[in-house]
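Novice: Would you mind keeping the following structure in view while I ask a few things?
What follows is calculated from the coordinates using simple rules that are stated; it is not laboratory data. Bear in mind the structure is a predicted one, so any value in this text is a computation, not a measurement.
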């Protein structure tokens, strides 16, 4: 895929998928109204801000790398041509999903909304099952030993303490 097409496809997919999962659905659930803070401490909301502030750049960086380095999109219909193992991918195999979870869970904590928190748990479970059932087998089939080596050195969900040199 040519870079301009990969960038355009990634932007469209970003607006549709994470835009819905981490933006539209939490808004539908909460209308972004503040509820009493979790644990009764307003300072807990700061954790929500931190999660959102960490998750959004993770998501943007991952989408950018897929388009510019992988020459594809995160969408299964137009996957990257190259295995992306740079940037945040040197720390964790699924920074896009981790970023989305940061944004969703951050909203739950910031808003003090248990319904958004429950939604976040369901989203993570769906992501986990999707990764196990589809993404990892597809990547193994496409990239073979290169992907196996990557998996052996970089965790699926828990980031490494230092970057994998690749």
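Novice: Between helix 95-111 and the chain, what is the angle of the helix's C-alpha long axis to the longest principal axis, kept within 0 to 90° and rounded to the nearest 10?
Specialist: Around 0 degrees separate the two axes.
Novice: Tilt of helix 3-18 relative to the longest C-alpha principal axis of the chain, in degrees (0 to 90, nearest 10)?
Specialist: 30
Novice: Nearest 10 degrees is fine. How inclined is helix 45-68 to the longest principal axis of the chain, computing both from alpha carbons?
Specialist: 20
Novice: So what's the back-of-envelope 222 nm ellipticity for the chain, counting only DSSP H runs of four-plus at -39500 (n - 2.57) apiece and dividing by all residues, rounded to 500?
Specialist: Using -39500 (n - 2.57) per qualifying helix, the result is -19000 deg cm²/dmol.
Novice: When the Debye formula is applied to the Cα atoms of the chain, each taken as the same point scatterer, what base-10 log of I(q)/I(0) results at q = 0.13, 0.16, 0.18 Å⁻¹?
Specialist: Result of the Debye calculation: -0.65, -0.94, -1.13.
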